[in-house]
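The values are calculated or read from the model by the stated rules, or taken from the named source; none is laboratory data. The structure presented is a predicted model; accordingly, all values stated were derived computationally and were not measured. No Cβ is skipped: glycine too gets one built from the backbone with ideal geometry, and neighbour counts run over all protein chains shown. The accessibility values were calculated without ligands, DNA or RNA, using every heavy atom of the protein model including side chains. Shrake-Rupley method; radii C 1.70, N 1.55, O 1.52, S 1.80 Å.
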Amino acid sequence: MASWGLWVRWSWRDLRRRWLVVAALAVIIALGSGVYAGFASLGAWRLESYDLNYAQQNMHDLRVRLRPGTFTPEGSLREAVRAIPSVTQVAAVAERLIVLTQVDASIDETILVQGELVGIDLSDGGPSVDTLHTARGRPLTPADSGRNVALLHSGFARQRGLPATGTVRVAGGVPLEYTGHGVTPDSYSVFARSAGSLPFGTAASYAVVYSSLPTVQALSGQSGKVNDLALTLAPNADRAQVQREIEEALARRLPEVSATVTTKDDDPGYRTLYEDVKNDGTVIRLIALLVLGGAALAAFNLTSRMVEAQRREIGIGMALGVRPAWLAVRPLLFGTQIALLGVVAGIPIGLAVGEAVKGVLLNFVPLPEWRTPFPVTTYAQAAGLGFVLPFLASAYPVWRALRVEPVDAIRTGFLAARSGGLAPLARRLPIPGGSTARMPFRNLLRTPRRTALTALAISAAVVALVGIIGLLDTFNRAIDRAVAEASRGNPDRIAVLFDGFLPRNDPRLQATATNPAVSRADFGLRVEGTLSTDKADIEVMIDLLDFDSAMWRPTLTETAGLPAAEGIVLARNAASDLGVRPGDTIILRHFQREGAGFRTLETAIRVAGIHAGPVRLNAYLDQRQAGLFGLDGFVSMAQVAPAAGVSPDQLTRVLFDLPVVTAVQPVSELDRDLRDALSQMTGILTVAEVAVLVIALLIGFNTTTIAVDERAREHATMFAFGTPVGTVLRMNVVESALIGGLGTVIGIPVGFVVVRLLIERVVQNTMPDLGMQAYLAGSTIALALGMGTVVVALTPLFTVRRLRRMDIPATLRVVE
């Protein structure tokens, strides 16, 4: 026991003597295990939080939605449900009125966005289905029924930095006083929430406003009307049967309206959130493994070099007759203590990563309650790797030292390398200068294994850095392509959506075109559809434009030789997913207007070409094909250009005040909307990026510090012969730059391969709507070069004080 105590105290002394290097190593291990634990648990956190909140707020099991622009008397949908044979399986029912609108939330800056008004029944304190949670301010009460009082969507208010109470204006310039921020479970995610909305409507650019049912009826001019019903089912109810019976009851009792009955699983927000857990999970786990792998490899290399520095002391112990097993205890304890420090420090780092990621998620998905318990099992996996690798890194050099003769282990300086490694090559290289100029090259070549491992540790950090920032570069490049294509021709152009399908000769449309703030207005149609082949089904948003004279038309990168007006134009990633090329025929599933209602049809249509935009959702037809949808002579959208001297913001304000307009999106805001749509993934990547940068800096610091310790006797010898400190420092800088440059040269191309694999094998499957190709920005390459070469080269400057204060006799003293 006394012997064990001696070894423990001795190893503890080793820790204290090199506490800076030990602390840096522990932080590297902690960052790797903490980031892995936080990221790998993200999926479990999201699933648990989603399940909890959907249950607490009674997310609907079934939902009845009328075709946009159609309404039915209040109570008629409820009565249709009560008339079904399985009415006893229905637990609760809530009728609503949901209409598109414009929202002006301007305070210190102009905030004019598209959105929707949601009218709910407040008579019993609020609906019992899809209940409204108040996050800030006061909730809506029965006394607010019929008043111009509302709640703002929590996500919109949070991202726009709006106060808890205030006033907004909706379409027509009507003011609404909002008493707080709230959210319903069917609006946790508003991405592509509303049929007919502009693409990429996120929480920052799509405002949901909740008010009483009478208030929304009055604002929309639909007194006594509803267009939506949500219901929950009793436990063990047959959902499919109830759904079928409601469809039959609606067809029988309300034949004049076109209604769809969908399940909770069909809800776009619900489906998107749960699919994102699965889709994003693969990318996030790979990123976590990238960070953990880089940290673990660095810890392995640096720990082994630290322990290898004790090789001579092991040789002296063997020469004195100490048993090899006891000689192995001290360095193994040293490595074990480093690993334990890193694993323990990883707990608060894991919690901090969890909080940082939680902040990203809360900004993206405004759940009333987030559950982020500490992931014990996941952290144990990361901690196991963070512990085992440093331990093995300690064991390997000890095993090597114990296998050699004591006299070989005791050798110091260049004698420690038996054959000099590749040092003779240095004599053949045309290196200018004297011996001090060639010495850094000789130092690297005489110990090729150590050089390779150190370069590999640096390259691991560079790979992780390039891999993570390369994903951000790829996302940003795809967004830049989309914005460049949309801005081509007239970057001040504004996309406008109208209140349903309007006759082209509607006076309100003419008022839009002849407004003094408008120089030109090109009218068209926007409809939804589904493209199908044997390979895939893809939902698309189809714009019908005048391909001959519209102020903006998609750029065609590939055609079939037939006029674009005779077929559909797709994004390249849409064509790839469908497995078609220009000239091929696909099936378009779409609605067709028939009297006051709509019917669904399937039409064979040829692919006329491929457009340059990267968004899979966007497809185009010539407006002469409006007959496919029964909409000849109708319009639902327009491209509007401002008059001379009128800014896009001023024109947006003018269009906002027109009652027929329900959505306005300046092309100049597309960049922000696309980045908002990717904000969750980019926010998570930013957390990983910070962690990798810290790891890389610590690797550079430790690499240099350990190298200086290893060559302490060589430096002392040079000082004894009068070599200035500046010369030794310059040699260390050159050596660090060489090894850092080698690691960087390896890491950058490997990092790009990682980016390409992630994009092609993972991201394109999880984010199919945005076509992306692997890309590295020049700034990323410069950052990698700066971190891997310049930063590593400059780290010897931190050793100036140690070199100047070196005790030369003590350092040179050797017990033979």
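The peptide list 498-505, 236-243, put in order of mean Cβ contacts within 10 Å with the highest first, becomes 498-505, 236-243.
Give a quick list of GluC sites (Glu not before Pro) in the range 63-170 that DSSP marks as loop, anything other than H, G, I, E or B, with at most 10 other Cβ atoms within 10 Å.
Within the range 63-170, the qualifying GluC sites (Glu not before Pro) (loop, at most 10 other Cβ atoms within 10 Å) are E109.
Report note on the peptides 29-37, 132-140, 453-461: ranked by the mean count of other C-beta atoms within 10 Å, highest first, their order is 29-37, 453-461, 132-140. Largest first, the extents of the alpha carbon coordinates of the range 745-816 on the three principal axes equal 68, 29, 18 Å.
Ranked from largest, the principal axis spans of the Cα set of the range 594-725 equal 100, 45, 25 Å. Dipole orientation for the chain: of the candidates I538, P503, A352, A352 has the Cα lying most toward the positive pole (charges on Cβ; Lys, Arg +1; Asp, Glu -1). Between A517 and R802, the contour length at 0.36 nm per residue exceeds the alpha carbon distance by 95.4 nm.
For the range 235-304, the percent of C-alpha pairs falling in each 5 Å distance bin, counted from 0 to the bin holding the largest distance, reads 3, 12, 11, 11, 11, 9, 7, 6, 6, 5, 5, 4, 4, 2, 2, 1. The convex hull defined by the C-alpha atoms of the range 463-560 has an orientation-averaged projected area of 10.7 nm².
So what does the Cα-only Debye profile of the range 44-131 read at q = 0.13, 0.23 Å⁻¹, as log10 I(q)/I(0), no solvent term? Here the Debye-derived log intensity ratios amount to -0.65, -1.20. Mean separation of Cα pairs under 8 Å and 6 or more residues apart, divided by the residue count, gives the chain a relative contact order of 17 percent. Computed across the range 1-151, the Kirkwood radius stands at 22.0 Å (inverse of mean 1/r, all Cα pairs).
With Cα atoms as the point set, the range 232-381 shows a radius of gyration and Dmax of 29.2, 101 Å.
Out of every Cα pair in the range 153-274, what percent are spaced more than 25 Å from each other? Everything past 25 Å amounts to 38 percent. With all protein chains in place and a 1.4 Å probe, the accessible surface of the range 1-135 carries 56 percent carbon and sulfur.
Considering every alpha-carbon pair of the chain, the percent of pairs per 20 Å bin, from zero through the bin containing the longest distance, is 14, 37, 26, 17, 6, 0. Think of the chain as having a plus end and a minus end, set by charges on the Cβ of Lys, Arg, Asp and Glu; of A521, L42, A203, L42 sits farthest toward the positive end of this dipole. Going by alpha carbons, how many degrees (0 to 90, nearest 10) lie between the helix axis of 268-308 and the longest principal axis of the chain? For 268-308 against the chain, the angle is about 10 degrees. For the range 95-140 versus the range 756-781, the spacing of their alpha-carbon centroids is 37 Å.
Given points 7 Å out from each Cα along the Cα-Cβ axis, report the A55 to A536 separation in nanometres with one decimal. Between A55 and A536, the label points sit 3.6 nm apart.
Between V87 and R271, what is the FRET efficiency for a Förster distance of 30 Å, r being their Cβ-Cβ separation, to the nearest 0.05? Each step should come with its number before you reach the end.
Details: r = 27 Å, r/R0 = 0.91.
Calculated transfer efficiency: 0.65.
Expressed to the nearest 5 percent, the antiparallel share of DSSP beta bridges inside the chain is 80 percent.
The alpha-carbon of K278 sits under 14 angstrom from the alpha-carbons of these aspartates and glutamates, leaving out residues fewer than 8 places away in its chain: E48. Subtracting the Cα-Cα distance of A782 and R403 from their residue separation scaled by 0.36 nm leaves 132.0 nm. Once the chain from T600 to D492 is taken as fully extended at 0.36 nm per residue, the excess over their C-alpha distance is 35.2 nm. A 1.4 Å probe run over the protein chains yields, for the chain, 41 Å² of accessible area per residue, whole-number rounding. Centroid-to-centroid, using Cα positions, the range 245-288 and the range 452-485 are 35 Å apart.
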